[in-house]
1. Taking the condition away from chain A (no Cβ under 11 Å), within 16 Å of ligand 1 (Cβ to nearest atom) and assigned to a loop (DSSP other than H, G, I, E, B), does B:ALA15 pass?
2. Filter segment A:107-130 down to residues that are within 13 Å of another protein chain (Cβ to nearest Cβ) and aliphatic (A, V, I, L, M) and give me whichever is nearest to the chain's Cα centre (by Cα).
3. For segment B:190-205, give me each residue that is in contact with a strand residue (DSSP E or B) (Cβ under 7 Å, 6 or more places away or on another chain) and either within 16 Å of ligand 2 (Cβ to nearest atom) or of a type in the set (Lys, Arg) (or both).
4. Within segment B:312-345, how many residues turn out to be of a type outside the set (S, T, N, Q) and facing another protein chain (nearest Cβ under 8 Å)?
5. Hey, does segment A:19-28 have a residue that's in contact (Cβ under 8 Å) with a residue 60 or more places away in the chain, within 11 Å of chain B (Cβ to nearest Cβ) and out of contact with any helix residue (DSSP H, G or I) (no Cβ under 9 Å at 6 or more places or on another chain)?
6. When the residues of segment B:405-438 are narrowed to those that are farther than 14 Å from B:GLY181 by Cα and without any contact (Cβ under 8 Å) to a residue 24 or more places away in the chain, which ends up farthest from ligand 1 (Cβ to nearest atom)?
7. Hey, can you tell me all the residues within segment B:379-410 that are part of a strand (DSSP E or B) and closer than 23 Å to B:THR221 by Cβ?
8. I want to confirm something. Restricting to segment B:528-554 and keeping residues that are over 18 Å from B:SER292 (Cα atoms) and of a type in the set (A, V, I, L, M), which single residue is surrounded by the fewest Cβ atoms within 10 Å (Cβ to Cβ)?
Amino acid sequence: MTVTESPATPKADKAKELVRVHLRIKRYDPETDTRPRWQEFEVEMSPGDRVLDALHLVKWTQDGTLTFRRSCAHGVCGSDAMVINGENKLACINLIKNIGTDLTIEPIRGLEVIKDLVVDMEPFFAQHRSVMPYLIAHDDPGYKERLQTQEDRDRFDDTTKCILCACCTTSCPIYWANSEYVGPAAIVSAHRFIFDSRDDGAQERLDILNQKSGVFRCKTSFNCTEACPRGIKVTQAIEEVKRAILYDRV
Amino acid sequence: MNVHYHSYDAVVVGAGGAGLRAAIELAGEARTAVLTKLYPTRSHTGAAQGGMCAALANVEEDYWEWHAFDTVKGGDYLGDQDAIDIMCREAIDAVIDLEHFGLPFSRTPQGRIDQRRFGGHTRNHGEAPVRRSCYAADRTGHMILHTLYQRCLAKEVNFFNEFQVFDVLFEGEGANRRAAGVVAYEMATGDLHVFVSKGVLFATGGYGKMFKISSNAHTLTGDGPGVLFKAGIPMEDLEFYQFHPTGIYGFGILLSEAARGEGGILRNSDGERFMERVAPTVKDLAPRDMVSRAIHAEIKAGRGAGPKSDYVYLDLTHLPPEQIDSKLPDITDFVRTYLGIEPKKDPIPIQPTAHYAMGGIPTNVEGEVIVDDQNTVLPGLYAAGECACVSVHGANRLGTNSLLDIVVFGRRGGKAMAEYVKNVGHPDVPKGAEAKVRERIEQLKAGTGSEKVGEIRTTLQESMTLDASVVRTNESLTDARKTVEELKAQYANIKIDDKGEVFNYDLTEAMELGHLLDLAHGLVVGAQARTESRGAHWRDDYPTRDDQNWMKHTLAHLEQDGSIRLSYKQVVAGNYQPMERKY
Ligand SMILES: Cc1cc2nc3c(=O)[nH]c(=O)nc-3n(C[C@H](O)[C@H](O)[C@H](O)COP(=O)(O)OP(=O)(O)OC[C@H]3O[C@@H](n4cnc5c(N)ncnc54)[C@H](O)[C@@H]3O)c2cc1C
Ligand code: FES
C-alpha cells in the first residue's frame, strides 16, 4: 500500500464547506394542535453530516420542542425511521451530500402519530410478538452447544439482521389499508426461526402466518425490500414463508 | 402531573444485555418489572460488533486461566482477581447458555461455535494471539441483544418501555438504608410512576456522551450511576475511561477490533505499520490503551494523515474480498456510508474514540452495590453491565470482555436479587416519595433560567475530548476541571423550550446532562489525583505505573455542595503478580 496522498477526503475541514439545509417538517403536538402542521427551518452544516444531525441542530439551537426518537446514530438500533423526501429511511444513515439540502420530513405511516415524528410503536411490536419470535427447541442439548453447519447457519442469516425499525412494515400499502395485517417485519422475524435448523416451532408459526391477517395478504409490491435499511431481501423472505406453507416444506 | 403507584418484588432498570440477562433469571422467580427508557432492542448492546471471549477451545488449545491472566494484565493489575476468575470461568457456560437461547453464532466447518483473535487475548500467558472470541459476523451485540430479548418474550417478562428512571428510593437513613424502589417518568404521558420494590438492579449502560468523539449512543448518559451518585453512593474508578483506537474519522463510529483480528493493519501517513515498533509480538492486536496512545504519538510526531495530519489508517485492502464480506460486512458498510470510500480498495481514516467506562457503580461479584472501602453492601441494591464496576476490567478493558461481563454478571445479579427478595419484607415508602422529582420537573418547566442544554453539553464534550482523554497532564486536567465546574454552575440555571407532557425529550435531555456533568466531574478529579499512568489513564507528567502508591481503586463521593471527595479501596490480589506490561 502507498499512502502518499490522502485517498479520501473525510469531513475534511468542517468550517470551510458548510451548506445551508432547508427542512420542512410535519409537526403535531397533541397538547396544542388539532391537526398536523408544516414548519420550516434552515440550518448550516457540513455536507458529510447526517439528516439526524440536521434534526439535532434544529432541536438544540432553534426549537427544543421538535420531537423524534434516536439513539445509536449509525443505523443499528432502529429508532429513527421516518419519511424523508417521500421514502422511509433512517435519519442517521443518510448524509446531506447524498440526499440533498432540501428535506421534507414526516412520521412513518400506518402507525398513529403521538407527537411530531414519534409514532405509537406498540401495535408494531405486538405484531412482532404474535409470531413467537424466540427459539422453540424440544431437544436437550445438555451442557454442550448445539451443532449447526455453516450452510444451515447461512440459511437464515439475512433475516437475523432485522433491527425492528418498521421501515418495511410502514412502507407497505396493504398495511396502510389494513393494520390487522401482521406486516413484513413480523414475517421476517418468523422467517429467522422457521429456517433455523435448531428450531422446532416452524409449524406453529406457519399456522399463525396462514391466518387471514397473515402472509397471504402480501401482494408482492416490493416496497418493503426497497425500504429496508439493512438490505434484507424482505420480499424473498415472505415468498419463502408462503412456499413453506403451501408445500409444507421448510 | 399524574402519579401512579406500583408494587413489585424486583425492578430492573435498563434492558440492554445486562438488564435482560438479569430479567431472565428473575422471571418466574419474583414479581419483576423491567423499566427502560428505550425499547429493549434499541439498547446500545446492539451496537457491539466483534465478539465475546470464552476459552471454549473450539479451534485451538485454550484455558480459562489464560483468559484470566490476559484480563488481569490487560487491566494493568487494577482488576479484582476474584471477580476476574469468576468471569473467565463462567464465560464458557455463558456462551453455551446463549447458544441454547438461540443465538446464531458463526460456525466452524465442523458446525461448532467459531472463534477468532482479539486484542490482548493470548495463548499461554502472552506467547501469541489466540482464537478466543465467539462471534456472529460483526454483529455479535445485535445478536446477543435480540436473543436475550426473545428469551424475555418467551418468559413473558413485564416491560415498561420508554419509562425513564429519575430517582431511587430507600427505606431508612444513613448506614441503615435499604433499596425500596425507583421513581420513573413515562415518556408517552409525562406521568410519574413510583415503583416500590424490595430489590432494584441498575443496568443503564455507559456514559460515553460526555465526550465529543464517541462510539456511544446519544442515550448513553450514565443515568444509573448519576442517580446513585446523587444519592450518596460513591463511584469507583471513574478516571479509567477507554478510548478505542479505531473510530471512523470525524464521526467516532466504531470499527471493531475484529477488523485487526481478521488481519487489518494500522498505518501512518508514510504507510508504515507503526504497531510493529510499539508491540513487536502482538503488533496491531495490542490492547486498546496502547494502540490509542501509539496513534496519538504518531499524530504528535507529524506522521498523521489528512489535511490536518490528525488521523491514521486502518488498512484492509490486502484481505480477500470474500473474507471482508463474510466477517466484516457491517463495519465496512459504515465506512461506505459515512466516508464514501471502498474499504476493499482504500485504507480507512480512523482516530481514537471514547468507548467504554471501566468505572461505575461499585459492586461485589453477586452484583450487590457496595458503598465504602470496607465493601459494605447496601441491601437490595444491585448493578450490572457497563454502569457497574465489579471490577473485572481494571484500568483497561480487553475487547470482547464487556459482552461477557454483561451476561455473566447480569445473570449473577439477577439470581442474587431473586434470592434476596424471597427473604425480606416489603419496604415502607411514604406517600409523596416522588416529590423531589416532581419539583425538579416543575422547576425546569417554569423556566426562569437562560442556559441551553445543547450548549452546555457541547462545551462539556469538547473539553473532555481535548483535556481528559487518551493523554492527560495536570495542566489539561486543571482546565477540564475548571470547565466542568463552571458548566455545573451554569446547569443550575438552564431553561428548556418544551413545557409539554407528552414525549418531552427536551426535559429528559436536561436530566441526562446533569448525570454527565457529575460523572465528568468525578472523572477529572480522580484523574488529577492519580499521579501515575496505568491502563487507559495516561499522565504525560507521570508516565509510569506506581504500584507502591496507586495499586488501589478510587472511590469518588459527590458531596452535598456539589464537590467531589476521594477515598480509596484495595485491589483484590490473586494468582498473578504485577509485572511490566509488554506485548
Ligand atoms: C460500538 C460498540 C461496539 C462494541 N463492541 C463490543 C464487542 O465487540 N465486545 C464487547 O465485549 N463489548 C463491546 N462493546 C461494549 C459493550 O457493547 C457494552 O459495554 C455493553 O453492551 C453494555 O451493555 P449494558 O447492558 O450494560 O448497557 P446498554 O446495552 O447500553 O443498555 C442500557 C439500557 O439502560 C436503559 N436505560 C438507561 N438509562 C435509563 C433510565 N434512566 N431509565 C430507564 N432505563 C434506562 C436503556 O434503555 C438501555 O436499555 C461495544 C460498545 C460499542 C459502543
Ligand atoms: S439512531 Fe439508531 S438506527 Fe438511527
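The values are calculated or read from the model by the stated rules, or taken from the named source; none is laboratory data. Quick caveat, the model's predicted, so the values are computed rather than measured. Positions of Cβ are backbone-derived with ideal geometry, glycine not excepted, and every protein chain shown enters the neighbour counts.
1. Values: away from chain A (no Cβ under 11 Å): yes; within 16 Å of ligand 1 (Cβ to nearest atom): yes; assigned to a loop (DSSP other than H, G, I, E, B): yes.
Judged against the criteria, B:ALA15 is a match.
2. The residue in question is A:MET121.
3. Residue satisfying the conditions is B:LYS198 alone.
4. Summing the residues that are of a type outside the set (S, T, N, Q) and facing another protein chain (nearest Cβ under 8 Å) in segment B:312-345 gives 9.
5. yes
6. Looking at residues that are farther than 14 Å from B:GLY181 by Cα and without any contact (Cβ under 8 Å) to a residue 24 or more places away in the chain, I get B:ASN423.
7. B:LEU381, B:TYR382, B:ALA383, B:ALA388, B:CYS389
8. Among residues in segment B:528-554 that are over 18 Å from B:SER292 (Cα atoms) and of a type in the set (A, V, I, L, M), the one surrounded by the fewest Cβ atoms within 10 Å (Cβ to Cβ) is B:ALA529.
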